[in-house]
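If you scroll down you'll find the structure; I have some questions about it.
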Amino acid sequence: MTLPINAQNVSIVSIEKINKLSGENVKLCMQCGTCTAACPMAEEMDFFPRKVMHLSQFGMLSLMNDINTYWKCASCHSCSVRCPRGIDIAKVMEALRQLVLRTSKNYIEPSQMPAEQISELPQIAMVAGFRKLTS
Ligand code: SF4
Ligand code: SF4
């Protein structure tokens, strides 16, 4: 995905907000890319984890409004255990999800899901998905 950077859509928000929600310090990232290499979901993501960390370091959340990266994140912690700077990237992904969910915006709409799909999905997976993807 190309970064649509211009004066209108770049809004610098407080990096402290991401750090506070995640409990991590995104400024420690040195952009080594180990997180992307370790991520089993990277191929499904609009931006790789390394790029999300880069944008987070600059508080550029508006550039990540419509990407799927933090929704696709499986919270597997594969990146977190390998990060040479000790950053729990999974927690940063969770913080990014929370920032969206706190605006009452859902990633999926349960009421829009077809009945056949709901009947086929394992209930535990569905409940876990709703917890993660809806506000
Ligand atoms: S592994 Fe850690 S230091 Fe390397 S790019 Fe990812 S978050 Fe940054
Ligand atoms: S926690 Fe998320 S970002 Fe990190 S490796 Fe797993 S799926 Fe990828």
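Each reported figure results from applying straightforward, stated rules to the coordinates on display, with no laboratory input. In this text the structure is predicted, and so the values were computed from the model without any measurement. Positions of Cβ are backbone-derived with ideal geometry, glycine not excepted, and every protein chain shown enters the neighbour counts.
Residue separation times 0.36 nm, minus the C-alpha to C-alpha distance between N106 and S14: what's the value?
30.9 nm
I've got another one for you. What does the charge count around G23 come to, taking other residues whose C-beta lies under 13 Å from its C-beta (Lys +1, Arg +1, Asp -1, Glu -1)?
Once positives and negatives cancel, what remains is -1.
Which order do the peptides 106-116, 66-76 come out in when sorted by mean C-beta neighbours inside 10 angstrom, highest first? Display every interim value, and only then the final one.
On the way: 106-116: 10.3, 66-76: 16.8.
Descending packing order for the listed peptides: 66-76, 106-116.
Would you kindly derive the ³J(HN,Hα) couplings of the range 63-74 from the backbone phi angles with the Karplus curve 6.51 cos²θ - 1.76 cosθ + 1.60 (θ = phi - 60°), listing them in order in whole Hz, with x for Gly and Pro?
Those phi angles translate into 7, 10, 4, 10, 8, 9, 3, 6, 7, 6, 4, 8 Hz.
Here's another thing I want to ask about it. Angle, helix 89-101 long axis vs. longest principal axis of the chain, Cα atoms, 0 to 90°, nearest 10?
With rounding to tens, the tilt is 60 degrees.
Which net charge results for the neighbourhood of A128, defined as the other residues with beta-carbon distances under 15 angstrom from its beta-carbon, given Lys and Arg at +1 and Asp and Glu at -1?
+3
Which percent of Cα pairs goes in each bin when the distances of the range 94-135 are cut into 10 angstrom slices starting at zero?
Once binned at 10 Å, the Cα pair distances of the range 94-135 give 28, 50, 21, 1.
Continuing with this model, one more query. Over all distinct alpha-carbon pairs, what is the Kirkwood Rh of the chain in angstrom?
Averaging 1/r across every pair of different Cα atoms and inverting gives 15.7 Å.
Residue by residue through the range 118-135, which ³J(HN,Hα) values in whole Hz follow from phi under the Karplus form 6.51 cos²θ - 1.76 cosθ + 1.60 (θ = phi - 60°), with glycine and proline marked x?
With the stated coefficients, the range 118-135 comes to 4, 5, 8, 6, x, 4, 5, 5, 5, 5, 4, x, 5, 4, 7, 10, 10, 8 Hz.
What's the ranking of 39-48, 84-93, 121-130 by average number of surrounding C-beta atoms within 10 Å, highest first?
On the way: 39-48: 16.3, 84-93: 19.7, 121-130: 11.2.
Answer by packing, highest mean first, reads 84-93, 39-48, 121-130.
Restricting to DSSP H runs of at least four residues, report the calculated mean residue ellipticity at 222 nm for the chain, -39500 (n - 2.57) per run over all residues, nearest 500 deg cm²/dmol.
So the helix-based figure for the chain works out to -12000 deg cm²/dmol.
From the backbone phi of the range 51-56, what are the Karplus-calculated ³J(HN,Hα) couplings (6.51 cos²θ - 1.76 cosθ + 1.60, θ = phi - 60°) in whole Hz, Gly and Pro given as x?
Working through the residues one at a time gives 5, 4, 5, 4, 5, 5 Hz.
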